[in-house]
Amino acid sequence: MRRISASIEIDADPAQVWAVLSDFSAFKEWNPFLVEAGGTASPGARLSLRFRLPSGREMTFRPTVLVSEPGQLLRWRGRFGVPGIFDGEHSFELTAVAGGTRVVQSERFSGALVPFTGSVISDSERGFAALNEALKQRVESRSRSVRTG
């Protein structure tokens with residue numbers, strides 16, 4: 001098993017962060033890592049996600065939403081092939097902090113192929129950081145326009 005994560009603080013409340021994070025159809029407008037997404041943030045729902053690694057390689061998978069607690073936690077599980085070959089459990093944890101929200105994005109990889117996928121996993125970790133930064137920019141720009149508009 002291997003775990004990766006990236007965190008960021010966003011100058012907006014958890015509800016504002018959740019609104020952007022759970023709007024999968026808009027990912028193509030701002031998300032450099034999960035470049036296309038479809039489905040709903042509802043437990044049991046199947047998502048369609050296309051991700052682009054910083055190396056440029058793209059992959060599509062159809063994870064199942066495990067947990068969806070608005071403003072707090074979104075978790076899904078994806079698999080490549082049959083269970084136990086290469087599984088990933090991805091989560092976004094949102095925590096209110098003074099002046100905003102801390103977002104921790106992480107993934108726990110398990111399965112027989114994990115020892116042989118080092119470059120994909122390390123590329124994914126860089127992708128997480130890029131996604132977090134883009135999420136911060138998207139949420140904060142919307143938050144500023146609401147305050148000034």
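The values are calculated or read from the model by the stated rules, or taken from the named source; none is laboratory data. Please read all numbers here as calculations on a predicted model, not as lab measurements. Backbone-built Cβ (ideal geometry, glycine too); neighbour counts: all protein chains shown. Calculation scope for accessible area: heavy atoms of the full protein, side chains included, ligands and nucleic acids excluded. Shrake-Rupley method; radii C 1.70, N 1.55, O 1.52, S 1.80 Å.
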Are any residues in region 1-45 of a type outside the set (Asp, Glu), open to solvent by 60 Å² or more (accessible area, probe 1.4 Å) and part of a strand (DSSP E or B), and if so, which ones?
2, 3, 7
With criteria (1) within 19 Å of residue 127 (Cα to Cα); (2) in contact with a strand residue (DSSP E or B) (Cβ under 9 Å, 6 or more places away or on another chain), residue 56 comes up short on (2)
Based on this model, can you work out whether residue 139 counts as in contact with a helix residue (DSSP H, G or I) (Cβ under 9 Å, 6 or more places away or on another chain), open to solvent by less than 10 Å² (accessible area, probe 1.4 Å) and assigned to a helix (DSSP H, G or I)?
yes
Restricting region 46-67 to residues that are touching a residue at least 40 places away in the same chain (Cβ under 8 Å) and not in a loop (DSSP other than H, G, I, E, B), the residue that is least open to solvent (accessible area, probe 1.4 Å)
51
Is it the case that residue 84 is open to solvent by 50 Å² or more (accessible area, probe 1.4 Å), on the phi > 0 side of the Ramachandran plot and either modelled with pLDDT of 95 or more or not in a strand (DSSP E or B) (or both)?
no
Which pairs have Cβ atoms under 9 Å, sit 6 or more apart or on different chains, and link a residue in region 120-136 that is among the small types (Gly, Ala, Ser) to one that is open to solvent by less than 40 Å² (accessible area, probe 1.4 Å) and assigned to a helix (DSSP H, G or I)?
134/30
Does residue 71 satisfy the criteria of being small (Gly, Ala, Ser), open to solvent by 50 Å² or more (accessible area, probe 1.4 Å) and either part of a loop (DSSP other than H, G, I, E, B) or in contact (Cβ under 8 Å) with a residue 60 or more places away in the chain (or both)?
no
